[in-house]
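Report on the following structure.
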Amino acid sequence: MLTQGNIRLVLQRLYFHLKNLHWNFFIPIAVADLFLPFICLISYMSERTRPFFAMTVMQFSLIIIPVCSIWWVVFINRDYIEGLGNELLFVCKNKIKTMDTFIAFILFFAVSIIQFASYIKADSTLKYEPVKLFCVCLFYYCFVQFLTYLTKSIPITLLMVLVYTIGNPMIAYSIDGAFFPIFYDVTPLTMESAKASFVPMVIVGIMLLCISIVLNKKRLKFN
């Protein structure tokens, strides 16, 4: 149960986590909040057609934002898995704190999704794109947590995320429509695509997160 004191401790830990990231703190912000809008702006200025602009936004955001959304999470976990941590001034029995990484994930997603207010204003067909992205990003977060707890290896976790990310558009281009675990769908979100891919991603992601918590508490103690 979260109390005022527990919330304060979580926020303090989050501060030290983010401070300890050093240059890794700025990489996802630069890519998702500067590089992505720049690409979308260039696309809009070059073609000035709504369908092309919307497709560009979906093509790049479905790759960039999910990967960037777990960047902080991966490197926060690294301090526990592969190092002692430089400024993590606390000790606990199960050192990886799911609440801490989840708050970092939500914080980044909230910041990166603000840009979609202007995209939606330019093309209303993008109004459900933040919902699609949240489903994908949540699955990425749960997938990363599961792999981290299971393998106790950040390189293996990053490799699996890279393979999954690269494989998605390659498979999506060879099939008709998206289905779980394929999320790379550059068409507006519909009820059919939600049922086929994005709702299952949320359900499976939550299951993976629950398994990762059990692994941490019952099997893998990072002491």
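The values are calculated or read from the model by the stated rules, or taken from the named source; none is laboratory data. None of these values were measured; they are calculated from a predicted model. Don't worry about glycine lacking a Cβ; one is built from the backbone with ideal geometry, like all the others, and counts go over all protein chains shown. Accessible surface is based on the protein model in full, side chains and every heavy atom, while ligands, DNA and RNA are left aside. Shrake-Rupley method; radii C 1.70, N 1.55, O 1.52, S 1.80 Å.
Numbers at a glance
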quantity: Failed criterion for Val67 (all others in (1) open to solvent by 80 Å² or more (accessible area, probe 1.4 Å); (2) within 21 Å of Leu138 (Cα to Cα) hold); calculated: (1)
quantity: Condition met for Leu133 (part of a helix (DSSP H, G or I), farther than 21 Å from Val214 by Cβ, touching a residue at least 40 places away in the same chain (Cβ under 8 Å) and open to solvent by 50 Å² or more (accessible area, probe 1.4 Å)); calculated: no
quantity: Residue count, segment 94-126 (criterion: open to solvent by 20 Å² or more (accessible area, probe 1.4 Å), among the charged types (D, E, K, R) and in a helix (DSSP H, G or I)); calculated: 1
quantity: Segment 147-163, residues that are open to solvent by 40 Å² or more (accessible area, probe 1.4 Å) and of a type outside the set (S, T, N, Q); calculated: Leu150, Lys152, Pro155, Ile156, Leu158, Leu159, Met160, Leu162, Val163
quantity: Residue ID - nearest to the chain's Cα centre (by Cα), chosen from residues in segment 12-45 that are over 17 Å from Ser118 (Cα atoms) and open to solvent by 80 Å² or more (accessible area, probe 1.4 Å); calculated: Phe26
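Conditions (1) in a helix (DSSP H, G or I); (2) over 30 Å from Lys152 (Cβ atoms); (3) polar (S, T, N, Q); (4) free of Cβ contacts under 8 Å to residues at least 40 places away in the same chain, marked per residue:
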{"residue": "Val31", "(1), (2), (3), (4)": "yes, no, no, yes"}
{"residue": "Pro37", "(1), (2), (3), (4)": "yes, yes, no, no"}
{"residue": "Leu41", "(1), (2), (3), (4)": "yes, yes, no, yes"}
{"residue": "Ser46", "(1), (2), (3), (4)": "yes, yes, yes, yes"}
{"residue": "Met55", "(1), (2), (3), (4)": "yes, yes, no, no"}
{"residue": "Asn77", "(1), (2), (3), (4)": "yes, no, yes, no"}
